[in-house]
Structures are given as C-alpha cells and as structure tokens.
1. Let me spell out the model: positive unit charges on the Cβ of Lys and Arg, negative unit charges on the Cβ of Asp and Glu, origin at the Cα centre of region 21-141. What dipole size does that give, in debye rounded to 20?
2. Could you tell me whether region 105-152 comes out rounded, prolate or oblate from its Cα gyration tensor? Rule is a ≥ b ≥ c as square roots of the eigenvalues, rounded for a/c under 1.5, then prolate if a/b exceeds b/c, otherwise oblate.
3. Report, to the nearest 10°, how far helix 139-151 tilts away from the longest principal axis of the Cα atoms in the chain, using its own Cα long axis and a range of 0 to 90°.
4. Going by amide H atoms built from the backbone, whose H comes under 5 Å of the H on Lys53, apart from near neighbours?
5. Taking H placed 1.01 Å from N in the peptide plane, check which residues at least 5 places from Gly94 or on another chain put their amide H under 5 Å from its amide H.
6. Among Gly25, Val55, Ile126, whose Cα projects farthest towards the positive end of the dipole of the chain, with charges put on the beta-carbon of Lys, Arg (+1) and Asp, Glu (-1)?
7. Can you list, largest first and rounded to whole Å, the semi-axes you get for the chain by taking the square root of 5 times each eigenvalue of its Cα gyration tensor?
8. Fewest Cβ neighbours within 10 Å first, please rank Glu38, Glu30 accordingly.
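No value in this document is a laboratory result; all are computed from the given coordinates. In this text, all values refer to a predicted model and were calculated from it rather than measured experimentally. Note that each Cβ is placed from the backbone with ideal geometry, even for glycine, and that neighbours are counted across all protein chains shown.
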Amino acid sequence: MTQHPPPAVSCHLYDEAIAWGPFAGIENLELTLCDIDEERSIVDLIVRFAPNKTVTMHNHLAQTNMFIIQGELRMYEPDGSIRERRPAGRYYRGRTGDAHSEGGGPDGAVVLYSMRCDGANDVLEIMDDAQNVLATLTMDDVRAAWAAQHAA
C-alpha cells in the first residue's frame, strides 16, 4: 500500500472580534490577553507576529508553553541566527533562562502562549542586543494590561 502525505491545509484565522493591542517595549507584534488565573498564576494570551520581522530579545522567567495556531514562528539565537522554525499545528514547551528573539515567518504567525508563573511576580525580561536587561514585565503589568483591555 502506497503512503501519501496528508494534503496541505490552509488555516485562516477569523480574528475580527479579537481586540489586538500593542505590547509595551516590544515591536512587531500585537496581542490579546485571554485569561489570568490568579490562584495558579497562569496567563494565557494570543500573539500575532508581523511577517518576516523579529521582536526584541527577551527571556521568559515563567514556564511558557505555546501552540502555533497559524503561520510559522521562528526562534532566533542572540546572534540573530535562526534556531528553529515552528510550523502551525505544533505545541512546544518553552524554557526559562533562555535569551532569544522570535518572530513570524513569511506569512507572520499567530501563537497561543500559556505562561505558568508558579506564584512568582516576574514574568519576562526585555533585553538589548548585548543581553542587558532593560525592563522586567511583572504580574502587576499583566493585570494592568488586562484591566486596560477590558476597559476598552
């Protein structure tokens, strides 16, 4: 019996109802917060990356898992080289203590992130190209963004 590859399926995200907004300190993406579970310190959000652009170097301080909904997410080393290409339909468990940048492929990317903070207040470090920490995103920042998103 001959094996045939599965047909290529195109995914078109109907996102007119999503309240996309900027992410302070990081260009080339928009996001929407989906949920904050205060009791378990979990933040779920969807990020839309611009095509062929990278975001500011950063380090996830919380365990951050992701599911690529659409497009291709590209992970970059601190030197700018591509570490990994992550296609739509795949789930990944992120690492902490891993300075990197990321961005969308030729069609951009839409990614669901789940940040599991385990009671910690610090979520993400924003860095310059020399990996110096410029700012730290905290749970207080996430709560403020949640309030602003729901006030709009």
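1. Details: 11 positive and 21 negative charges, 122 e Å.
In total the dipole reaches around 580 debye.
2. Numbers: a/c = 1.65, a/b = 1.07, b/c = 1.54.
In terms of gyration-tensor shape, oblate.
3. With both axes taken from Cα atoms, the answer is about 70 degrees.
4. Gly104
5. Those qualifying (amide H under 5 Å, at least 5 residues apart or on another chain) are Thr64, Asn65, Met66.
6. Checked the options; the winner is Val55.
7. Working: eigenvalues 135, 75, 47 Å².
In descending order the semi-axes read 26, 19, 15 Å.
8. Working: Glu38 9, Glu30 17.
Going from least to most buried by this count: Glu38, Glu30.
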